[in-house]
Amino acid sequence: MDAIVNSYCLQHLYYNGLGVPFADYIDAPSTFTFQHKPGIQHIPTWRSDLVPDGSVDLVMCVQVLPELNSRLVRHMLGEFHRVLKPGGALYIRDHAYTWKPTDTFNVEQHLGTNGFDLEFRAHIINDVELHGIPRIWRKALPEVIASRTRTWKQKLDQAVVDVDTLTGGGFKRTLKKLKGKA
Ligand SMILES: C[S@@+](CC[C@H](N)C(=O)[O-])C[C@H]1O[C@@H](n2cnc3c(N)ncnc32)[C@H](O)[C@@H]1O
């Protein structure tokens, strides 16, 4: 996807010469449909609606999000969430907060509160070790998020262990004795 005329046309030429199946929205805007088959499908950013819900394994944004204004970033992050499969990945590599030509919109904060979960952020010095900091976000699976909270039973079991440790094993011995008498 792209929205800048020169970039889009250059991409068109490049993809066309790769020798792999290639379809471009601009060749036939009124009949273009997304195909679930190998190859490249090229669409302008404003037609992201053509990508079906939950159909994408990986979205990649390399050196692009900081260039977009906050309204567009917000919209596109919502689109990425819509098109990704549950658990699908969003790979971002850019200068994060150190280079931000547009406004102060905080992509990381927005992702963290809008259905994405940070899986990986490289521990590197930007522009020394790599041009941009790679991050991987995942479209959060509710069961994964839920699994991070202890159930009441787990909390109760832990409380028993804690009390038993504090009493030098006395708590469990007493429980055993009481059970024996019952
Ligand atoms: C720095 S280039 C990075 C290109 C490529 N991802 C790479 O790593 O080589 C930024 C890209 O963002 C595109 N871009 C800039 N503003 C955009 C916008 N408003 N909507 C969509 N794409 C945009 C540009 O056309 C350009 O292709």
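The values are calculated or read from the model by the stated rules, or taken from the named source; none is laboratory data. Everything numeric in this text was worked out from a predicted model, so none of it was measured. Positions of Cβ are backbone-derived with ideal geometry, glycine not excepted, and every protein chain shown enters the neighbour counts.
HIS81 satisfies every condition listed in (1) assigned to a helix (DSSP H, G or I); (2) more than 25 Å from ILE125 (Cβ to Cβ); (3) out of contact with any Gly (no Cβ under 7 Å at 6 or more places or on another chain) except (3). Only a single criterion out of (1) within 15 Å of the ligand (Cβ to nearest atom); (2) among the acidic types (Asp, Glu); (3) under 21 Å from ILE133 (Cβ atoms) is not satisfied by ASP117, namely (1).
For PRO86, the conditions (1) within 16 Å of the ligand (Cβ to nearest atom); (2) surrounded by fewer than 15 Cβ atoms within 10 Å (Cβ to Cβ) are fulfilled apart from (1). So is TYR8 within 9 Å of the ligand (Cβ to nearest atom), buried (at least 16 other Cβ atoms within 10 Å of the Cβ), of a type in the set (Phe, Trp, Tyr) and over 25 Å from ILE136 (Cα atoms) or not? In short, yes.
With respect to the stated conditions, VAL62 is within 15 Å of the ligand (Cβ to nearest atom) and either in the same structural domain as ASP127 (by TED's automatic domain parsing) or under 30 Å from GLN109 (Cα atoms) (or both).
The residues on offer are PHE116, PHE105, and the sole one that is closer than 20 Å to PRO66 by Cβ and at pLDDT below 90 is PHE105.
Only one entry of LEU18, LEU13 meets the criterion of being away from the ligand (no atom under 14 Å from the Cβ) and either in a helix (DSSP H, G or I) or farther than 23 Å from HIS75 by Cα (or both), and that entry is LEU18.
Exactly one residue out of THR149, THR102, THR174 is in a loop (DSSP other than H, G, I, E, B) and surrounded by 12 or more Cβ atoms within 10 Å (Cβ to Cβ), and it is THR102.
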